[in-house]
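These notes are about the structure you will find just below.
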Amino acid sequence: IIYRRIHMKHHKHFTTSLATNFKFTIPDIIIESTLPIFVGLLFLRNILKIKLSRKEVNLLMIYIAWHETGTHMGKPLQTISIYPPLSFLYREFFKIDINPVKFHEIHHRRRDCNYGITSWIDYLLKTYQES
């Protein structure tokens with residue numbers, strides 16, 4: 001029921017493209033984007049006692065937006081990773097997040113795997129698929 005009412009509009013795109021980034025319902029945007037960022041910032045501030053400046057918060061939000069938008073482009077871009085400055089490390093040494101665009105494209109085609117916006121969580125939960 002939740003999928004049909006909230007997220008199905010986004011998954012009408014079996015092949016991702018730039019337009020896929022604009023096919024979200026308002027509750028979907030809140031659940032997938034706004035809420036995780038808000039919870040993450042609260043965790044940093046209240047649990048880890050790390051207070052970020054406004055510029056640091058904006059930079060984190062830009063990274064997240066770049067990654068979210070890029071993984072729905074339908075074209076492999078080397079700069080699309082969960083954290084671009086360190087992407088060469090985890091791609092080279094840990095073989096994680098090698099092709100996030102393809103990874104998410106598979107999720108749009110199959111819908112039974114590759115749930116994360118980055119692949120590491122699917123490796124841990126054994127929901128990762130290469131094709």
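The values are calculated or read from the model by the stated rules, or taken from the named source; none is laboratory data. Note that the structure is a prediction, hence the values are computed from the model and not measured. Note that each Cβ is placed from the backbone with ideal geometry, even for glycine, and that neighbours are counted across all protein chains shown. Ligands, DNA and RNA are stripped out before the accessible areas are found, and what is left, the full protein with its side chains, is counted by its heavy atoms. Shrake-Rupley method; radii C 1.70, N 1.55, O 1.52, S 1.80 Å.
Observations on the structure shown:
- 3J(HN,Hα) along region 42-58: 4, 4, 4, 6, 8, 9, 8, 6, 10, 9, 8, 6, 4, 5, 5, 4, 4 Hz, from the Karplus curve 6.51 cos²θ - 1.76 cosθ + 1.60 with θ = phi - 60°, whole Hz, x for Gly and Pro.
- Contour minus Cα-Cα distance for TYR123 and LYS51 (0.36 nm per residue): 22.8 nm
- Normalised convex hull volume, the chain, alpha-carbon set, Å³ per residue: 131
- Estimated at 0.36 nm per residue, the fully extended path between LEU89 and PHE14 surpasses their Cα-Cα distance by 23.9 nm.
- Inter-label distance for ILE31 and PHE43, nm, one decimal - labels placed 7 Å from Cα along Cα-to-Cβ: 1.9
- Cross-link pairs LYS51/LYS126; LYS49/LYS95; LYS9/LYS126 - those with Cα-Cα distance over 29 Å: LYS51/LYS126; LYS49/LYS95
- Once the 1.4 Å probe is applied to the protein heavy atoms, the chain comes out at 70 Å² accessible per residue.
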